[in-house]
Structures are given as structure tokens and as C-alpha cells.
1. Rounded to whole Å, give me the distance from the Cα center of the stretch 125-158 to that of the stretch 322-366.
2. Amide H of PHE232 versus every other amide H placed in the peptide plane: which residues, excluding those fewer than 5 positions away on the same chain, fall under 5 Å?
3. What's the FRET efficiency of SER149 with GLU170 using the Cβ-Cβ distance as r and R₀ = 30 Å, to the nearest 0.05?
4. How many nm is it between the label spots at GLN338 and LEU357, if each spot is 7 Å from the Cα in line with the beta carbon?
5. Using r as the Cβ-Cβ distance of ARG246 and SER70, and R0 as 56 Å, what FRET efficiency do you calculate, to the nearest 0.05?
6. Work out how much length ASP327 to GLU273 would gain on full extension: take 0.36 nm times their residue separation and subtract the Cα-Cα distance, in nm to one decimal.
7. Run the quick spin-label model on GLU192 and LEU113: label points 7 Å from Cα toward the beta carbon, then report their separation in nm to one decimal.
8. For labels at SER205 and SER292 in the simple 7 Å Cα→Cβ model, what's the distance in nm?
Amino acid sequence: MSTSAEAVFAPQSPSERVDLDSLSAYSERIFGMLPRRDQRRWATVYLRCLLATPGHKSRRRMAGRLALPSSASQSLQQFITSSPWDWRSPRRQIAHLAAGLMPDAVWTTGVVLLPRGGTQSVGLQQHLVPESGRHINCQVGIALFLTDSRRSIPVDWKLMLNDSWCGDPERRSRAKIPREVTPRPAWALTLEMMAESARGQGAGSAPLLHGLGPSRHPDQLASQLSRAGRDFVIGVAPHQPFDVTREGSHDSARTTLRTSTAAGILQDRFREEPAAHGGGRRLRSALVRFPSPGTGRAAARPVHRLVAEIPAVRQRPCRFWVTSLRDAPPPAIHALAQRSALTDATVQCLRDNLGFLDFEGRSFPGWHHHMTLASAAYLYRCLGQASQP
């Protein structure tokens, strides 16, 4: 294994040696805690394969691109799918480096749909694509990103699994799904990643920007984040119900005016001002509470601010966010919400350029290994760009 891995580090020119030295040092920073020397070596090889191979990234094509020995393709496959290394420590290192690169970053979430053929890819399920109204056969990944005003870097991943995977012992064993992994909605997976980030060294106290994904439970996510003392900006659907409350200086002085949907609140004249990025867009906002599922007192429920973007062109849909930052100016909330576009762009880049669509991902550990290495490759590119004048 080590012989073919060493073949990667046969520089063709002095400039190539500088690049390889930089990549080796970076890989040691991210994957240096892996227990075996061959694991650390193959992590560096795999990173370089992802970065140096254009287009389709099959194991055979990546090995051929770097002129590796014929056995390297199988070794790369084994390192990803069979080698027993823990992906959590490298992800903590990725988050730590990303936080240092982006001191004003916030947390954002992204949904990655990975269409697959066959039936063997772990987590494969039918998923509705809202834009097209079609169901596709795919894996659904939920990702946590650190995002500033320029870039968005993935630092953690969860794979959505349903009962057909977790409830079938044979299927579960074949995919190597750990016993503690159970079916969880997207908002719960997001909370798990946020809890893990709080134990790491990243931007632990930064607010979370959560866009609309496969989950439709913003009230549960907001409730749990509030209990954890975490600020948030959560995208909500037009039909999301809210109790509208009166603007006031104290929560006890705010009484419920009426119950309406996010879209219905647009019909009233609440606070209105231009959006930070202009373009004729306007913002309306109101103080709201999520409706109580029981008979609890309204005063016991946290007060949030609903911000609605009204586009200049009437044919375009309005967008809505609810935030715990209720005293922040709506244009500032709107500017934060726009960072989700950077996360969407990163997801597309990962799909197109770092092998997300080329990796079959039959096993649970293999899926997490590949997502970790692709995230590390993306961060390496971002660090290189940040070092340029």
C-alpha cells in the first residue's frame, strides 16, 4: 500500500514540489490523528486525486490521472469503503481551520441530493424535488457550513435514513449502519451537528442560518435552538402559521393581535423598509410567536421577528424568515439570509467538481469518508485562494 501511495509524491518540477509539500502539510493537519501511517498517506493521495482530476472522478480515472500503479485504484477504494477510520476528528479540524479563515462566519445548512442508480447505495430513497414536482431516487445529505460574506465551507455531514434502511437488519448490516443511528428528520440532524460543533473549536456561538429543506418543522428547530441559547435565522414557508404580537419594550406587554400565516401577515402594514441590497425589494417585519400546540400561555413562548422580502417584480414569490434576533434591523437579517446563496453555490461546486455524483457510496462509513475528504479538498482550495493577493 505504501509503495503505490509514495508514487504520488514524485514531483516533476520545483513548482510541483512546492504544491505537494503544501498539500502534504495540510493533509497532516487534517488527517494527522488517523492511527495508521498508511491511512494518513492514502488520505493525502485521495485529496490530490480529487484536486488534480478534472471531470468524472472514478477511482480508476483518478489513479490514471496521477500515473499511479495499477493496484492504486483498489487501494483508494479500500481506504474509502473499508478502512476503519473515524471521520469526526478530521471534520473538527476542518471546522477549526474554516473558522480561522472566516472570523465573522455564521453557520448555514444545505441539502445535497445525490441521484443514484441501482438499489445498493446506502440511504437510497424516493425524494420529491419541489422545483420540478418529480420524485428522484437519491441519497439525501444534510450539511453544516461555515459561511461569511464571500464563501461557504462544509464542515459536517449527516445522511438521512428511513425505516427501510434502519428497520431491515440485513440491509443495515450490509451497509454497515451503526446501531445508534436511527431515522431522524432534517431539523433533528441539524441540531445534532450544532451540538457537536459546540464541543469543537469552531465558531461555536455564531447564529445558525437554516434554509428550507426536506424538513418542514421550523417551530421545533427554533424551540430547541432557543433552549440551547443559539440565535438563528430560519427560512419558513408562506403557509407557516404565527401568532402576531404587539411591538413593545417587554415580552409581558406584547399581546397576541391575531393568528395568521407568514403570507397573510403581508396584508397588514407592519414595519416596512428597503432591502439592504436594493433592487426595488422591500422588507416587512413583525413580532411573532409560533402557535402553541397545547394550551400553554402565550407569554411563555419566545417572541421572534418575522422578516418578509417583497420582490420588485410581482410575479416572483415572496420569501420569509423567522429569527431570534428580534431587535436587529430587518435589512441586517435579510443580508444574513442572503448567505444561503453562497451555500447553494458550494453544494453545486461539490457536486460538479469534487466527485459527489461519481461516488456510489454503498456503505455508511464510506459515504462519510468521501464527504469528509471532499470537504477537506474544498477547504484547501479556499485557503489557496485566500493566500492570493
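1. The stretch 125-158 and the stretch 322-366 have Cα centres spaced 7 Å from each other.
2. Amide H to amide H, under 5 Å and 5 or more residues apart or across chains, PHE232 pairs with LEU208, SER324, LEU325.
3. For SER149 and GLU170, the calculated efficiency is 0.05.
4. Simple spin-label model gives 2.9 nm for this pair.
5. According to the calculation, E is roughly 0.15.
6. 17.9 nm
7. Spacing of the two 7 Å Cα→Cβ label points: 2.2 nm.
8. If labels sit at SER205 and SER292, their model points lie 3.2 nm apart.
Readers should treat all values here as calculations from the given coordinates under stated rules, not as data from a laboratory. Note that the coordinates shown come from a computational prediction; the quantities given were computed from them, not determined experimentally. In this analysis, Cβ positions are derived from the backbone assuming ideal geometry, glycine residues included, and neighbour counts consider all displayed protein chains.
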